[in-house]
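First up is the structure itself, then whatever we jot down about it.
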Amino acid sequence: MKEVILIKLGEIVLKGLNRRTFEDILIKNIKQRIKPLGKFEISIAQSTVCVEPLSDDIDIDEVSDRIGHVFGIVAYSRALAVEKDMNTIISSAVKYLEETMSTTSTFKVESKRSDKKFPLTSPQISAEVGGALLTRYSHLTVDVHNPETVVTVEIRDKYAYIRSGVIKGAGGIPTGTSGKAAILISGGIDSPVAAYMMAKRGLVLEGIHFASPPYTSERAEQKVAELMEIVSKYAGRMIMITVPFTKLQEKLHKDCPEELFTIIMRRLMMKISQRISEKDDCSALITGESLGQVASQTLQAMVCTDEAADMPVFRPLIGMDKADIIEISRKIGTFETSIQPYEDCCTVFTPKHPRTRPVLKYVLEAERAAGFDELIEEALNNLKVTKIGF
Amino acid sequence: MGVRDHLREIYFDNSATTAVCRAACDKAYEVMYENYGNAASLHSKGMRAENEIITAKKTIADMLSADKNQIYFTSGGTEANNLAVFGACNSRKKLGNRIVTTQIEHSSVLEPIKQLESQGFEVIYIKPDSNGHISEKDILEAVNDNTVFVSIMLVNNEVGTVLPVLSASKAIKQKKAPALLHCDAVQAFGKMNVKPSKLGVDLLTISSHKIHGPKGVGALYIKKGVHITPLIYGGEQQSKIRPGTENVPAIAAFCEACKEINLTGSNERVSVLNERLRNHLKEIEGVVINSPDDASPYIVNFSVLGIRSETMLHFLAMNGIFVSSGSACAKGKPSYVLTAMGLEKVTADSAIRVSFCKNNTVEEVDIFAEALKKGIATLARAK
């Protein structure tokens, strides 16, 4: 008798012939996430993955929490696995469901029997278990149409499973089924949310962070790594590249018109990110931009930044309000870290009156006149790699 | 044992914390490894631990010209300040309702007082002048016969101004106020003569890690006959004013750090450094000194107009020089002390605090001045 986790697979059932690959990746992701907690047996049958702890000292609450962070899972439940014997099923159900039943007033029992050799039919199982629960918890009444709690008894190959209720999963599709993309990550609220959203659509991530010491602090970089650690609970392991950006910033400040600082800075970031992506097999860039949120995020500004990169730029937050972005950041747990005050306070490089409708032609002229190519190469030769989620 | 790289590091942030001296490290190790008893235990192991505490109390009391029974160890300056504020005000709240303090106290005095303000105490926060001085007249005006608590620091941690604590004690007597006088002497202890009886204070805070002792220990001096209520409950230790098993290794190490203090020697040394730094700074264009001329020689606060504090701080750190922007506890926010002194935002936003200790050298000051000039010449400024 032990507690296991049963996982109903999500969208991947729709994927036809790719289904096996998707399932394999999902199971690999689950394994990677729970491996530090102990030894498990993971099996799959009839669109249900069963995660069975192989020792008694495994913290099943923690296992459940980690599985709740894995993309590709719509819903899952904790269940008691018991021997396929009616007396055992009944006595275990009464004991296992004590806490649930004492806070519930109406219930029903549903049974499924995939092992047709089991002597009782599904309605018979439901009736017996339901009867035992009614006898033990006399405040209960049965309501087959609108019960507060549904108790499910499933008779499968190896065990009988008893469970009540389901837990909402992280949704999405398994990380690693859509390829790899690079996320431009600052220490702010938006980029971790963008990273989370794209990982949810199956992308493996690589973080790219631009550091400008002494104008930004080492703590700001550390904060970015902490944010990526939180994202990696959903997105899995990744690496973060830190780009030394100071010399480019200083040159930009010295040789370009002030109102174009931000737009040219964004373009330089795009160019460098594209080069890193090509080397590291990333097929797209991801940013946390939301249309109109700040001066560099107007449509005209994005036209100018996109020109700097040849690969697709994903902006999952483009149509979202700040309040909605904050809501997700709270949900995934990055908000508190994002608002710590080490954000790149390099106001030196922030123009007082940024151009909100930059014209590409003039931006390109200014950029060409300053000439950043050498410094870009220098930055690319001095990248720092940090492992996240290992 | 680790080795300190004095050749590559210049540590000018001694008001934030100091390097722990070898004698204190050795003592802490000895007490943790050998003399690890609980001071409350009846056996000889316990007694030996208790003796460490008694020795420490006596050493510190001697330095303060006080009695060993007047020293209460805490987890540091913040706890000692909290104990003084809450302990005094809670024990005296029936006698009056006014608290007098200054706008430039450490946050571990101001925040507890704000808590009491929200509970109904009337608080007068005395404003400093543009040099950070608090006037005796303002103190006299602020204290009335309804005042139960006055807290005035001896040396300000951000600009080094010396405050007129003695006049607060005179004001209390003159106004016949039922007040206890507290002095936060964290930045003064070990750097100037601190005698609670001469200052006329009832409560006085000191801290170990500002004088080359370990972090995690400080003390509150409580004048004989003065009663304050404890912050925490749960044991018989330290007359129940601060119960809990004493941090014997830290206390014994604090004692060792105290023994190494040589006021005259250190002050002479540091005064030379201070003068040298000020001379350098006066020669650099665009630098203004925010510390008054009569400030503690251990602290020099100045602004490099046009370059944000954090940028210059990180630039200096990349060159192996460690300073502070305003105060270490106020990351990212403009300093409330400099703001209270009426400094313009541009000046407050570019403030740098250099704080010395006896181990710093003239060569270090010269290297620092060179690095500062290099930063001023190369760092990008807001357009």
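The values are calculated or read from the model by the stated rules, or taken from the named source; none is laboratory data. This structure is a prediction, so every number in the text was calculated from the model and none was measured. Neighbour counts are summed over all protein chains in view; Cβ atoms, including those assigned to glycine, are modelled from backbone coordinates with ideal geometry. SASA here: full protein model, heavy atoms, side chains in, ligands and nucleic acids out. Shrake-Rupley method; radii C 1.70, N 1.55, O 1.52, S 1.80 Å.
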**Study point:** Nitroxide proxy distance, nm - points 7 Å out along Cα→Cβ at A:V303 and B:A23
**Key:** 7.4
**Study point:** Alpha carbon convex hull of region A:44-201, volume per residue in cubic angstrom
**Key:** 162
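Once you list every other residue whose beta carbon is under 14 Å from the beta carbon of B:I251, what net charge do they have if Lys and Arg are +1 and Asp and Glu are -1? Spell out each step's value before the answer.
Values: positive: B:K27, B:R48, B:K57, B:K58, B:K68, B:K215, B:R242, B:K259; negative: B:E30, B:E50, B:E52, B:E79, B:E246, B:E256.
Counting the neighbours of B:I251, the net charge comes to +2.
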Review point. To one decimal place, what orientation-averaged projected area in nm² is obtained for the convex hull of the Cα set of region A:4-135?
Key: 9.5
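Ignoring ligands, DNA and RNA, how much accessible area is buried between chains B and A, both sides summed, with a 1.4 Å probe, to the nearest 100 Å²?
Values: alone 17270 and 18910 Å², together 34890 Å².
Chains B and A together bury approximately 1300 Å².
Can you pull the semi-axes for region B:203-331, root of five times each eigenvalue of the Cα gyration tensor, sorted largest first, whole Å?
So the three semi-axes of region B:203-331 are 38, 18, 15 Å.
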Point to revise | Using θ = phi - 60° and Karplus 6.51 cos²θ - 1.76 cosθ + 1.60, couplings along region B:163-176 (whole Hz; Gly, Pro as x) | key: 9, x, 5, 4, 5, 5, 5, 5, 4, 4, 5, 4, 8, 6
Check your understanding: Separation between the B:S41 and B:E260 pseudo-spin-labels, each 7 Å from Cα along Cα→Cβ, expressed in nm?
Key -> 2.9
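Expressed in nm to one decimal, what extension gain is obtained for the pair A:K352 and A:T21 from 0.36 nm per residue of sequence separation less their Cα-Cα distance? All intermediate terms of the calculation are to be shown ahead of the outcome.
Values: separation 331, 0.36 × 331 = 119.16 nm, distance 5.20 nm.
Answer, rounded to one decimal: 114.0 nm.
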Review point. Quick one: Debye curve from the C-alpha atoms of region B:1-148, no solvent, what's log10 I(q)/I(0) at q = 0.12, 0.13, 0.15 Å⁻¹?
Key: -0.81, -0.90, -1.03
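Which percent of the accessible heavy-atom area of region A:329-390 goes to carbon and sulfur, probe 1.4 angstrom? Let's see the in-between values first.
Numbers: 2060 of 4020 Å².
Carbon plus sulfur share of accessible area: 51 percent.
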Study note, to complete from the structure: Dimensionless Rg/Rh of region B:302-383, both radii on Cα and Rh by Kirkwood, sits at 0.97
Exercise for review: Could you tell me how many degrees, from 0 to 90 and to the nearest 10, lie between the Cα long axis of helix A:190-200 and the main elongation axis, the longest principal axis, of the Cα atoms of chain A?
Suggested key: 50
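If you take the beta carbon distance between B:K127 and A:E218 as r and set R0 to 41 Å, what does 1/(1 + (r/R0)^6) give as a FRET efficiency, to the nearest 0.05? Please report the intermediate quantities before stating the final value.
Numbers: r = 36 Å, r/R0 = 0.89.
E(calc), rounded to 0.05, equals 0.65.
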Study note, to complete from the structure: The answer for the protein assembly as shown, accessible area per residue at 1.4 Å probe in Å², is 45
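In region A:74-123, which trypsin sites (Lys or Arg not before Pro) are in a loop and have at most 15 other Cβ atoms within 10 Å, using DSSP for the loop call? Walk me through the numbers on the way to the answer.
Values: sites: A:R78, A:K84, A:K95, A:K108, A:K112, A:R113, A:K116, A:K117; in loops: A:K84, A:K116, A:K117.
Of the trypsin sites (Lys or Arg not before Pro), the ones in loops of region A:74-123 whose Cβ has at most 15 other Cβ atoms within 10 Å are A:K116, A:K117.
DSSP loop chymotrypsin sites (Phe, Trp or Tyr not before Pro) in region A:289-342 with at most 11 other Cβ atoms within 10 Å of their Cβ, which ones? If you can, show how the numbers build up before the last one.
On the way: sites: A:F314, A:F335, A:Y342; in loops: A:Y342.
Sparse-neighbourhood loop chymotrypsin sites (Phe, Trp or Tyr not before Pro): none present.
Please figure out what share of the DSSP beta bridges in the protein assembly as shown is antiparallel and state it in percent, rounded to the nearest 5.
Taking every DSSP beta bridge within the protein assembly as shown, about 55 percent pair in antiparallel fashion.
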Review point. If you roll a 1.4 Å probe over region A:228-283 with all protein chains in place, what percent of the accessible area is carbon or sulfur?
Key: 49
Review point. Under a GNM of chain B (C-alpha, springs under 10 Å), which listed residue has the highest mean-square fluctuation: B:G286, B:G306, B:G160?
Key: B:G286
Revision key, fill the gap. Percent of all Cα-Cα pairs per 10 Å bin for region B:244-317, counting from 0 up to the last occupied bin, reads 15, 31, 25, 21, 8, 1
Point to revise | Per principal axis, descending, Cα span of region A:83-141 in whole Å | key: 35, 19, 16
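What is the percent of Cα-Cα separations in region A:142-255 that go past 24 Å?
Details: 3220 of 6441 pairs.
For region A:142-255, the share of Cα pairs beyond 24 Å comes to 50 percent.
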Check your understanding: Taking the Cβ of A:T100 as the center, what net charge do the other residues with Cβ under 12 Å away carry, scoring Lys and Arg +1 and Asp and Glu -1?
Key -> 0
Point to revise | B:V162 - accessible surface, heavy atoms, 1.4 Å probe, Å² rounded to 10 | key: 60
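What 222 nm value per residue comes from the helices of chain B, counting each DSSP H run with n ≥ 4 as -39,500 (n - 2.57) and dividing by all residues, nearest 500 deg cm²/dmol?
Working: 13 runs with 151 residues, N = 383.
Taken over chain B, the calculation gives -12000 deg cm²/dmol.
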Practice item. Rounded to whole Hz and in sequence order, give me ³J(HN,Hα) for region A:96-101 from the Karplus expression 6.51 cos²θ - 1.76 cosθ + 1.60, θ = phi - 60°, writing x for Gly and Pro. Key: 5, 8, 3, 5, 4, 5
Practice item. Let me know the Rg and Dmax you get for chain B when you use only its Cα atoms, in Å. Key: 21.3, 71
Review point. So, in nm, how far is label B:M318 from label A:R201 when the simple model puts each one 7 Å beyond its Cα toward the Cβ?
Key: 3.7
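What pairs in A:K271/A:K387; B:K210/B:K374; B:K127/B:K282; B:K94/B:K198; A:K28/A:K116; B:K137/B:K224 have C-alpha atoms more than 25 Å from each other?
Details: A:K271/A:K387 23 Å; B:K210/B:K374 30 Å; B:K127/B:K282 27 Å; B:K94/B:K198 28 Å; A:K28/A:K116 31 Å; B:K137/B:K224 29 Å.
From A:K271/A:K387; B:K210/B:K374; B:K127/B:K282; B:K94/B:K198; A:K28/A:K116; B:K137/B:K224, over 25 Å: B:K210/B:K374; B:K127/B:K282; B:K94/B:K198; A:K28/A:K116; B:K137/B:K224.
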**Study point:** For region B:119-236, alpha-carbon Rg over 2.2 N^0.38 Å
**Key:** 1.12
**Study point:** Normalised per residue, the volume of the convex hull around the Cα set of region A:179-227 (Å³)
**Key:** 60
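For B:K373 and B:K224, calculate 0.36 nm times their separation in residues minus their Cα-Cα distance, and state this gained length in nm to one decimal. Walk me through the numbers on the way to the answer.
Details: separation 149, 0.36 × 149 = 53.64 nm, distance 5.23 nm.
48.4 nm is the gain from fully extending B:K373 to B:K224.
P(r) tail for region A:201-259, what percent of Cα pairs lie past 18 Å? Can you show the working numbers first?
Values: 808 of 1711 pairs.
Value for region A:201-259 (Cα pairs over 18 Å): 47 percent.
Could you state the orientation-averaged shadow area of the convex hull built on the Cα atoms of chain A, in nm² to one decimal?
Numbers: hull surface 89.4 nm².
Answer in nm², one decimal: 22.4.
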Review point. Can you give the extra length, in nm with one decimal, that the chain gains between A:M86 and A:V294 once fully stretched, where that is 0.36 nm per residue apart less the Cα-Cα distance?
Key: 68.4 nm
Revision key, fill the gap. Kirkwood Rh over alpha-carbon pairs of the protein assembly as shown plugged into Stokes-Einstein at 25 °C, 0.890 mPa s gives a D in µm²/s of 78
Study note, to complete from the structure: Placing one equal point scatterer on each C-alpha of region A:178-337 and summing with Debye, one gets log10 I(q)/I(0) at q = 0.12, 0.17, 0.19 Å⁻¹ equal to -0.49, -1.03, -1.30
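Output the antiparallel fraction of DSSP beta bridges having both residues in chain A, as a percent to the nearest 5. Spell out each step's value before the answer.
On the way: 34 of 59 bridges.
Approximately 60 percent, going by the DSSP bridge assignments.
List the GluC sites (Glu not before Pro) in region B:207-273 that DSSP assigns to loop (not H, G, I, E or B) and whose Cβ has at most 14 other Cβ atoms within 10 Å. Which are they? Please report the intermediate quantities before stating the final value.
Details: sites: B:E236, B:E246, B:E256, B:E260, B:E268; in loops: B:E236, B:E246, B:E260.
The qualifying sites are B:E236.
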**Study point:** Average other protein chain Cβ within 10 Å of Cβ, residues B:314-325
**Key:** 2
Review point. What residues qualify as long-range amide H neighbours of B:I10, i.e. H under 5 Å apart, gap of 5 or more or another chain, H built at 1.01 Å from N?
Key: B:I321, B:F322
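If packing is taken as the mean number of other Cβ atoms within 10 Å per residue, what is the order of A:53-62, B:34-43, highest first? Display every interim value, and only then the final one.
Numbers: A:53-62: 12.1, B:34-43: 13.8.
Taking the mean over residues of other Cβ atoms within 10 Å, the ranking is B:34-43, A:53-62.
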Exercise for review: Enumerate the calculated ³J(HN,Hα) couplings along region B:245-253 in order (Karplus 6.51 cos²θ - 1.76 cosθ + 1.60, θ = phi - 60°), each rounded to whole Hz, writing x wherever the residue is Gly or Pro.
Suggested key: 4, 5, 7, 4, x, 5, 5, 5, 5
Review point. Sequence-distant or interchain residues sharing an amide H contact under 5 Å with B:G235, placed H: which?
Key: B:G244
